[in-house]
Amino acid sequence: MVVGIVISTASGQTFRSDEDAPGAAVQAELAVDPLLEIRQHFIRELPPGWWASEPERFLGGYQVTVNIPSNWAGNPRSAVMDLCPPRQSPIWRSTDRVFIEPRFHNLSTAGFECRL
């Protein structure tokens, strides 16, 4: 009787679910929600008082509008260039471009396209 239990348990271990299949971890890692990743990137990277719009699909990539406070001094386009996701970011697994549009004094200014 004990032998029967051991054999059935051992045979049950030979069957795998899709989650345990070889390569499933790689597929799960590659499955990225680009909107979530972009949103989280800007939450982490924006200076205090700055805020970003929800990312949107834009010309085969994604667009984010970054709102810069009116008391800030500098070049808005240069400022958003520094906000591009790093090369190792999971964002680049799902897109090859992120367009950042700065909004300063309630005016949209020349944006910057980040590319891998």
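Please treat every number below as a calculation from the coordinates, not as lab data. Remember, it's a predicted structure, so these values are computed and weren't measured experimentally. Glycine gets a Cβ as well: all are built from the backbone with ideal geometry, and neighbour counts include every protein chain shown.
General remarks:
- Segment 43-103 - share of DSSP beta bridges that are antiparallel (%, nearest 5): 45 percent
- 3J(HN,Hα) along segment 82-91, derived from phi through the Karplus expression 6.51 cos²θ - 1.76 cosθ + 1.60 where θ = phi - 60°, amounts to 6, 8, 4, x, x, 4, 7, 5, x, 4 Hz, with x in place of Gly and Pro.
- Calculated FRET efficiency for the pair residue 67/residue 94, C-beta based, R₀ 22 Å, to 0.05: 0.35
- A Förster distance of 22 Å, applied to the separation of the beta-carbon atoms of residue 77 and residue 33, puts the FRET efficiency at 0.20.
- Distances between placed amide hydrogens fall under 5 Å for residue 67 paired with 51, 52, 53, 103, all partners being 5 or more residues away or on another chain.
- The trypsin sites (Lys or Arg not before Pro) found in segment 49-106 that occupy coil by DSSP, while having at most 13 further C-beta atoms within 10 Å, are 87.
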